[in-house]
Amino acid sequence: MIVVTGASKGLGRAICERLIEKKIDVFGLARNVEEVPFTSVSCDVSSYESVKAVAQRLKKESVKVTGLINAAGIASMNLAVITPQSVAQKIINTNLLGTIYCCQLIAPLMLRNKQGSIINFSTIAVALGLKGESIYAASKAGVEGFTRSFAREMADFNVRVNCIAPGPIDTNLLKGITADQINNIVSRQIIPKQFKPDAVADLVEILLDGRSDSLSGQVLNVGGV
């Protein structure tokens, strides 16, 4: 079973649909799962107790968890000095602490099987230092640092931990960002094009299976930097 956060929309939804297409069992987590057509449960990843309840349920039901994909995330494009404290806190709580909580509480379900793959999500904004995304980039830079260290902690248990850092992907996360802003970011990538969610789903597939058994603690930038 692959646990996927942010499963109701965007990259999380696209990843779930790809895995289901490949006959891989998925357990989705999202704040709102009313219109999610696959196995899922309501969960706020920024809440330790909410994630803990999910982990306890999976353990109680003896679910064999072989993968965790931390796709839940929020963004706010604004200058740091005019970003409300509540918005900054929400970004850090969801993107960074949400990833940490899920790894802390769900990774142990893989340890007994001595195998697993964890995929966290960052952003190209970290590598490019994008204007107006400093708080968002800070939260994701934390995810990258956590990924590298957590990969070493999990290595003895044969659990790999990697990170995907996409450029602008055609999802709802880009709402409010103009075409000129998107084109400016894309132009700074090694491969200057805007990718579809399928490109990320391709990487997820590889990181989940044996083709990537030599990779851990890595950050893969979609589009290249």
Checking the cross-link filter: which lysines have an alpha carbon closer than 23 Å to that of Lys196, excluding same-chain neighbours under 8 positions apart?
Lys9, Lys22, Lys23, Lys140, Lys175
Here the relative contact order (percent) of the chain, from C-alpha pairs under 8 Å and at least 6 apart, is 20
Assuming R0 = 45 Å, can you tell me the calculated FRET efficiency for the pair Asp209 and Asp180, based on Cβ-Cβ distance, to the nearest 0.05?
0.70
If you take the Cα atoms of segment 144-225, find Rg, then find the Kirkwood Rh from the mean of 1/r over all pairs, what is Rg/Rh?
1.05
Taking θ as phi - 60°, what are the ³J(HN,Hα) couplings along segment 215-220 by the Karplus curve (6.51, -1.76, 1.60), each to the nearest whole Hz, with x for Gly and Pro?
10, 7, x, 9, 10, 9
Spatially proximal aspartates and glutamates relative to Lys90 (Cα-Cα < 20 Å; intrachain offsets below 8 disregarded)
Asp44, Glu49, Glu133, Glu144
Normalised by the number of residues in segment 98-160, what is the relative contact order in percent for Cα pairs under 8 Å and 6+ residues apart?
43
Multiply the residue separation of Glu21 and Arg152 by 0.36 nm, subtract the distance between their alpha-carbon atoms, and state the gained length in nm to one decimal.
44.0 nm
Sort largest first and round to whole Å: the equivalent ellipsoid semi-axes of segment 1-105, each the square root of five times a Cα gyration tensor eigenvalue.
26, 16, 11
Computed over the Cα atoms, what is the radius of gyration of the chain divided by 2.2 N^0.38 Å, N being its residue count?
0.96
I need the calculated FRET efficiency for the pair Leu128 and Lys60, taking r as the beta carbon distance and R₀ as 35 Å, to the nearest 0.05.
0.20
Length released on extending from Lys9 to Lys196, taking residue separation times 0.36 nm less the Cα-Cα span:
65.9 nm
Amide H neighbours of Gly67 under 5 Å, counting only residues 5+ apart in sequence or on other chains, H built in-plane at 1.01 Å?
Val3, Ser117
For the chain, the longest principal axis of the Cα atoms and the Cα long axis of helix 48-60 enclose an angle in degrees, to the nearest 10, of 30
Helix 10-21 versus the longest principal axis of the chain: what angle, 0 to 90°, nearest 10, using Cα atoms?
40
Taking a straight Cα-to-Cα line shorter than 23 Å from Lys60, and setting aside same-chain lysines fewer than 8 residues away, one finds Lys52, Lys114
If one takes the longest principal axis of the Cα atoms in the chain, at what angle in degrees, from 0 to 90 and to the nearest 10, does the Cα axis of helix 134-154 lie?
30
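No value in this document is a laboratory result; all are computed from the given coordinates. Since the model is a prediction, treat every value here as computed from it, not as a measurement. Glycine also receives a Cβ, built like all others from the backbone with ideal geometry; neighbour counts cover every protein chain displayed.
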